[in-house]
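The numbers here are math on the coordinates, done by the rules we state, and not lab data. Every value quoted in this text rests on a predicted model; they were computed, and no experiment measured them. Note: ideal-geometry Cβ built from the backbone for every residue, glycine included; neighbour counts use all protein chains shown.
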Amino acid sequence: MRRMEKKESRHATLYRQYRPQSFNDARGQEHIVKVLKAEIKNKKPAHAYLFSGGRGTGKTTFARILARELGVSDKDLYEIDAASNNGVEHIRELREGVHVVPFESPYKFYIVDEAHMLSKSAWNAFLKTLEEPPPHAMFVLATTERDKIPDTIQSRCEVYSFKQPTREVLADVIESVAKKEGYSLERSASELVA
């Protein structure tokens, strides 16, 4: 590895600093990017999505990108960690808030991360909202365990399976980040790290 000139020192964690900010930046999930871009272009997004796949495959990042591409501001973006907010009371709170119009965006956008952790009673409370959502509400449920999401919920979502990135894709990303950080990296080294 050969050090190149570095412009400035950065203290941000690399994975956060270089996390994709748009679908054009995303790599390894082209099958999903293609469909979501078409939905946005045609102004026909679904009201609910289920993003399923292993850890680190981009589910939450894609949910944030989808919100951004749909013009959702931070004020209208709600992220819920179902691992720690998994009870029916949390879903009831969501159900009450979902009917309030967005502050400054076309949608109120909810990302439910680790959705498989919701309790059975929470799913039952959420079902009615998914069946009859207000027109301004959108949901992305992200999970590593799709088999734990009730069929009644899955049937009301557009379901996408995120694939583990190939070693080639990972090596490309590693080389790209190294270059942006001012390093020159041989392909064999990036493949070893991948």
Original post:
Listed highest first by mean packing, meaning other Cβ atoms within 10 Å per residue, what order do 51-58, 24-31 come in?
Top reply: 51-58, 24-31
Subject >> Between helix 30-41 and the chain: long-axis angle, C-alpha atoms, 0 to 90°, nearest 10 >> reply: 60 degrees
**OP:** Please get the size of the charge dipole for the chain, origin at its Cα centre, with Cβ charges of +1 on Lys and Arg and -1 on Asp and Glu, quoted in debye to the nearest 20.
**Re:** 520 debye
**OP:** Find which of PRO165, TYR107, THR61 sits farthest along the positive direction of the dipole of the chain, computed with +1 on the beta-carbon of Lys and Arg, -1 on that of Asp and Glu, about the Cα centre.
**Re:** PRO165
Subject >> Cα convex hull of the chain - mean projected area over all directions, nm² >> reply: 12.4 nm²
Subject >> the stretch 167-174 - phi-based ³J(HN,Hα) in whole Hz, Karplus 6.51/-1.76/1.60, Gly and Pro as x >> reply: 4, 5, 4, 4, 4, 4, 5, 4
Original post:
Considering only DSSP beta bridges with both partners in the chain, what is the antiparallel share in %, to the nearest 5?
Top reply: 10 percent
Original post:
If the cut-off is a Cα-Cα distance under 25 Å, which lysines reach LYS44, setting aside same-chain residues fewer than 8 apart in sequence?
Top reply: LYS34, LYS59, LYS75, LYS108, LYS128, LYS163
**OP:** Starting from the amide H of ILE80, placed 1.01 Å from N in the peptide plane, find each other amide H under 5 Å away whose residue is 5 or more places distant or on another chain.
**Re:** ILE111, VAL112, ASP113
Subject >> For the stretch 107-158 and the stretch 52-71, distance of Cα centres in Å >> reply: 15 Å
Original post:
Which one of ALA63, ALA38, ALA82 has the biggest mean-square fluctuation once the chain is modelled by GNM with Cα springs under 10 Å?
Top reply: ALA38
**OP:** Can you tell me the 0 to 90 degree angle between the C-alpha axis of helix 88-98 and the longest principal axis of the chain, rounded to 10?
**Re:** 90 degrees
**OP:** Using only alpha carbon positions, build the gyration tensor of the stretch 119-160, then give the equivalent ellipsoid semi-axes as the square roots of 5 times its eigenvalues, largest first, whole angstrom.
**Re:** 17, 13, 9
Original post:
Rounded to the nearest 500, what is the chain's calculated 222 nm mean residue ellipticity when only DSSP H runs of at least 4 contribute -39500 (n - 2.57) each, over all residues?
Top reply: -11000 deg cm²/dmol
